[in-house]
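Working notes for the structure below.
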Amino acid sequence: MSYQTHAQTWEQRATIRTRPRRMIEDDELSFYPQERQPLCFDPIIAKLGDEVRDQILLQSLYKYINDIVIFETEIVNKTALDIAKGRFPFEFSFDARYDAMSVVIDEDYHAFVAMDFQNQLELQTGIKPFQTFDEIELSRAIPRAVHSLSDPAHKAGMELIAVAISENTVTSDVAAFASDKSVKRSIKGIMADHLADEGRHSRFWIELVKIYWQEVDEVTRIAIGEAIPKFLAQYLTNEIQKEFDTALIAQLSLPQVVQKRVMDNLVGSYPITSQHPMIANIRRFFNASGLLEHEPTRMQLQQYLAG
Ligand SMILES: [Fe+2]
Ligand SMILES: [Fe+2]
């Protein structure tokens with residue numbers, strides 16, 4: 001099976017090649033989709049009025065932007081750069097390595113746009129992020145899954161598959177954001193720009209996993225197949241989101257009793273069930289990448305395939 005390059009589409013469509021800088025507008029629209037922040041629907045928060053709600057949405061956008069920077073520069077680009085520079089312990093063709101370098105450029109550019117936007121928001125609102133978070137769920141989930149394997153070649157394979165899974169879930173997440181009617185046009189604009197690149201990325205990672213999976217030996221497939229559920233269990237938590245929401249409530253200057261009631265309501269706000277939208281994307285990735293053609297791996301992933 002040979003790798004088909006996306007170099008030509010990249011030259012024509014990559015946002016770094018085609019999109020102008022976007023400027024934040026000063027209007028009545030929201031910073032962040034309310035549907036993505038269940039705190040806005042808490043009856044106590046709702047009673048506190050628009051100003052509190054806007055604070056919550058702005059801080060949620062800051063977190064989202066910061067998460068993008070972490071994801072692009074520390075997670076995706078670590079693996080993409082290893083592949084591009086031939087450091088990844090599996091031989092990919094020149095075309096695949098060249099495209100990996102275009103992914104590095106795209107992701108660095110997405111992080112650059114995110115930094116620009118955070119700065120524009122700070123200047124416009126006079127409000128800074130109340131706290132900077134230096135981890136996302138993947139910052140914990142990937143090293144743990146990789147660590148669970150002893151052979152270095154298996155570790156790299158697990159890392160490739162974990163990045164491929166996350167690149168395939170982030171895409172639909174950004175899509176939902178880009179189409180929200182209540183959000184400022186410039187913010188939806190940067191999400192739409194980002195999305196334009198991520199479609200190409202999700203196919204890129206699927207192709208690499210397909211090639212990898214077909215060429216590695218049975219021992220490798222079995223070892224990685226056993227590690228994937230461990231990765232998913234760590235990835236699909238809401239630990240960090242909960243830490244963020246708790247810290248956000250704590251700095252809202254509410255009476256102690258009220259604060260406690262809002263925090264109690266937080267528990268179980270983000271159920272990860274087989275109906276969760278991310279699961280559907282993960283399942284689509286499993287099918288497209290050929291992982292499920294390996295029977296022992298299919299058995300390992302059974303719980304994510306039903307529903
Ligand atoms: Fe990206
Ligand atoms: Fe990407």
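Hey, can you grab everything whose amide H is under 5 Å from the amide H of residue 30? Only 5+ residues off in sequence or another chain; H modelled, so Pro and N-termini drop out.
Those lying under 5 Å, H to H, from residue 30 are 183, 184.
Determine, from the Cβ-Cβ distance of residue 94 and residue 214 and an R0 of 25 Å, the FRET efficiency 1/(1 + (r/R0)^6), rounded to the nearest 0.05.
0.85
Cβ under 10 Å from residue 138's Cβ, residue 138 left aside: what net charge do those residues give with Lys, Arg +1 and Asp, Glu -1?
Taking every Cβ under 10 Å from that of residue 138, the sum is -3.
Just the Cα atoms of region 45-119, one point each, no solvent: what log10 I(q)/I(0) does Debye give at q = 0.28 Å⁻¹?
Taken in order of the listed q values, log10 I(q)/I(0) reads -1.12.
In Å³ and rounded to a whole number, note down the convex hull volume per residue for the Cα atoms of region 78-155.
Spread over its residues, the Cα hull of region 78-155 gives 90 Å³ apiece.
Ranking request for peptides 233-245, 203-215, 159-171: highest mean number of other beta-carbon atoms within 10 Å first, then the rest in descending order.
159-171, 203-215, 233-245
Can you flag which of 78/184; 63/184; 47/188 are past 26 Å Cα-Cα?
Cα-Cα > 26 Å for 78/184; 47/188; rest within.
How would you rank 15-23, 67-75, 147-155, highest first, on the average number of other Cβ atoms within 10 Å across their residues?
Ranked by mean Cβ neighbours within 10 Å, highest first: 67-75, 147-155, 15-23.
Going by alpha carbons, how many degrees (0 to 90, nearest 10) lie between the helix axis of 239-250 and the longest principal axis of the chain?
10 degrees
Anyone know which of 157, 86, 225 comes out most mobile in the 10 Å Cα GNM of the chain?
Checking each option, the largest mean-square fluctuation is seen for 86.
How tilted is helix 137-147 with respect to the longest principal axis of the chain? Cα atoms for both, answer in degrees (0 to 90, nearest 10).
That works out to roughly 30 degrees.
What whole-number value in cubic angstrom gives the convex hull volume per residue for the C-alpha atoms of the chain?
So the per-residue Cα hull volume is 129 Å³.
Kirkwood hydrodynamic radius (Cα pairs, Å) of region 1-53?
15.6 Å
So what is the 222 nm mean residue ellipticity for the chain from helices alone, if each DSSP H run of at least 4 adds -39500 (n - 2.57) and you divide by all residues, rounding to the nearest 500 deg cm²/dmol?
The per-residue figure over the chain is -22000 deg cm²/dmol.
Using only the alpha-carbon atoms, how far is helix 218-235 inclined from the longest principal axis of the chain? Give it as 0 to 90 degrees, nearest 10.
0 degrees
Read-outs throughout are calculated quantities, based only on the coordinates presented, and are distinct from any laboratory measurement. These numbers come from a predicted model, not from an experiment. Positions of Cβ are backbone-derived with ideal geometry, glycine not excepted, and every protein chain shown enters the neighbour counts.
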